[in-house]
Amino acid sequence: MSEYQRVRLGVNGAAGRMGRQLLQAIAEQPQARLLAAIDAPGQACIGFDSSLLAGGEPSSVPVTELADAPLADCDTLIDFTAPRVTLQLIDILLDRIASAGELSDGQVALVIGTTGFEPAQLERLRAAATRLPIVFAANYSVGVTLALALLEQAASALGNDYDVEISEAHHRHKVDAPSGTALAMGQVVADALGRDLATDAVYGREGITGARETRTIGFSTVRAGDIIGDHTVLFAGNGERLEITHKATERMTFARGAVRAALWVADRKPGLYDMRHVLGLA
Ligand code: NAD
């Protein structure tokens with residue numbers, strides 16, 4: 001494969017837990033080439049070769065802050081940062097489109113892995129997808145993507161006779177709860193059962209809660225140690241229980257999935273896609 005055919009990728013949040021894995025996943029993907037490694041202004045890694053973050057051969061791609069990154073040279077940017085940082089990147093890409101057709105000979109697509117968006121922030125992300133091709137998934141693993149399809153099937157078949165409870169566990173550094181993946185699982189179940197997460201979700205229970213209301217979808221959260229990401233959806237009826245569980249044992253699972261999404265979305269039309277589109281399940 002020639003240099004010309006390789007998809008040119010940038011990573012926002014390159015020094016983070018996921019960013020470092022993404023740099024590795026790009027290095028091992030022959031169809032991809034790293035063009036930009038971006039992290040926060042003031043980070044110690046700014047100005048150094050990005051291989052310092054991920055190991056391996058020198059890449060001759062320095063870590064830069066966003067303002068200095070060669071965004072227009074990238075086909076796809078992969079962002080695993082924090083909601084306000086992701087929205088800042090989106091605003092910059094939209095400004096570039098608005099100003100002087102700078103991207104007329106090539107668009108920049110986005111793969112967003114960041115979680116923890118507030119509803120108003122999600123609206124801005126969705127609006128941006130009318131101008132930019134965006135893959136947005138709370139979980140880039142193949143296993144979780146398949147689990148979402150299985151959950152839809154299970155909820156539709158079991159219906160309202162089975163109580164639904166979702167539990168998740170992550171490492172001590174995670175800043176949002178419940179996880180984006182748990183919420184995505186809840187959304188799939190709510191849609192299949194004709195419920196509304198905004199009114200039917202219960203986030204933790206304490207004290208005299210009263211008996212369980214049938215429509216509720218319960219969430220519980222564990223934060224401990226270095227757990228990469230465990231999720232279980234329990235369907236509990238009279239006389240039987242069904243559990244659908246996914247356990248991630250290494251972050252490379254998410255990173256490889258995100259790089260796969262980045263290759264897939266590079267030449268798509270603007271729109272909001274998820275991993276089910278990338279894997280051909282949607
Ligand atoms: P992290 O804190 O280790 O990394 C975040 C990185 O973003 C840091 O290096 C930080 O310096 C950088 N950053 C902060 N401000 C920035 C700025 N202005 N410009 C550029 N970079 C900036 O976090 P993490 O564990 O890597 O997780 C990042 C996000 O990805 C979280 O929202 C997490 O929930 C999510 N996540 C998603 C998946 C998935 O499959 N979708 C998997 C794992 C984690």
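The values are calculated or read from the model by the stated rules, or taken from the named source; none is laboratory data. Treat the numbers as computed from the prediction; the structure is a model and nothing was measured. Counting neighbours? That spans all protein chains shown, and the Cβs are built from the backbone with ideal geometry, glycine included.
Checking the structure you have, find out if any residue of the range 14-24 is within 16 Å of the ligand (Cβ to nearest atom), part of a strand (DSSP E or B), crowded, with 24+ Cβ neighbours inside 10 Å and on the phi < 0 side of the Ramachandran plot. No: zero hits. Within the range 56-78, being touching a residue at least 40 places away in the same chain (Cβ under 8 Å) and within 14 Å of the ligand (Cβ to nearest atom) holds for Val63, Leu66, Ala69, Leu71, Leu77, Ile78. Quick check: is even one residue across the range 144-156 surrounded by 15 or more Cβ atoms within 10 Å (Cβ to Cβ), within 11 Å of the ligand (Cβ to nearest atom) and not aliphatic (A, V, I, L, M)? Among the residues of the range 144-156, at least one is surrounded by 15 or more Cβ atoms within 10 Å (Cβ to Cβ), within 11 Å of the ligand (Cβ to nearest atom) and not aliphatic (A, V, I, L, M), which makes the answer yes.
Based on what the data block shows, is Thr81 under 22 Å from Val7 (Cα atoms), within 16 Å of the ligand (Cβ to nearest atom), assigned to a loop (DSSP other than H, G, I, E, B) and modelled with pLDDT of 95 or more? First the steps, then the outcome.
Numbers: under 22 Å from Val7 (Cα atoms): yes; within 16 Å of the ligand (Cβ to nearest atom): yes; assigned to a loop (DSSP other than H, G, I, E, B): yes; modelled with pLDDT of 95 or more: yes.
It is true that Thr81 is under 22 Å from Val7 (Cα atoms), within 16 Å of the ligand (Cβ to nearest atom), assigned to a loop (DSSP other than H, G, I, E, B) and modelled with pLDDT of 95 or more.
Is it true that some residue in the range 190-210 is under 16 Å from Tyr140 (Cβ atoms), assigned to a loop (DSSP other than H, G, I, E, B), modelled with pLDDT of 95 or more and over 16 Å from the mean Cα position of the chain (by Cα)? Scanning the range 190-210, I find no residue that is under 16 Å from Tyr140 (Cβ atoms), assigned to a loop (DSSP other than H, G, I, E, B), modelled with pLDDT of 95 or more and over 16 Å from the mean Cα position of the chain (by Cα), so the answer is no. Across the range 136-189, the number of residues qualifying as within 15 Å of Ile227 (Cα to Cα), among the hydrophobic types (A, V, I, L, M, F, W, C) and either assigned to a strand (DSSP E or B) or touching a residue at least 60 places away in the same chain (Cβ under 8 Å) (or both) comes to 2. In the range 229-238, the condition of being over 18 Å from Pro178 (Cβ atoms), touching a Ser or Thr at 6+ places or on another chain (Cβ under 6 Å) and crowded, with 21+ Cβ neighbours inside 10 Å is met by no residue.
Provide a single number: the residues in the range 260-280 that are assigned to a loop (DSSP other than H, G, I, E, B), small (Gly, Ala, Ser) and modelled with pLDDT of 95 or more. Quick ask: steps written out before the conclusion?
Within the range 260-280, the first condition is being assigned to a loop (DSSP other than H, G, I, E, B), and the residues that meet it are 266-270, 274, 279-280.
Then drop every residue that is not small (Gly, Ala, Ser), which leaves 266, 280.
Restricting the remaining residues to those that are modelled with pLDDT of 95 or more gives 266.
Selection size over the range 260-280: 1.
Within the range 174-221, restricting attention to residues that are among the β-branched types (Val, Ile, Thr) and within 16 Å of the ligand (Cβ to nearest atom), which residue is nearest to Ile112 (Cα to Cα)? I'd like the intermediate steps shown before the answer.
Going through the range 174-221, the residues among the β-branched types (Val, Ile, Thr) turn out to be 175, 181, 188-189, 199, 202, 208-209, 214, 216-217, 221.
Next, from what is left, pick out any that are within 16 Å of the ligand (Cβ to nearest atom): 175, 181, 188, 221.
On the way: Val175: 17, Thr181: 13, Val188: 19, Thr221: 23 Å.
Across the range 174-221, the extreme among qualifying residues is Thr181.
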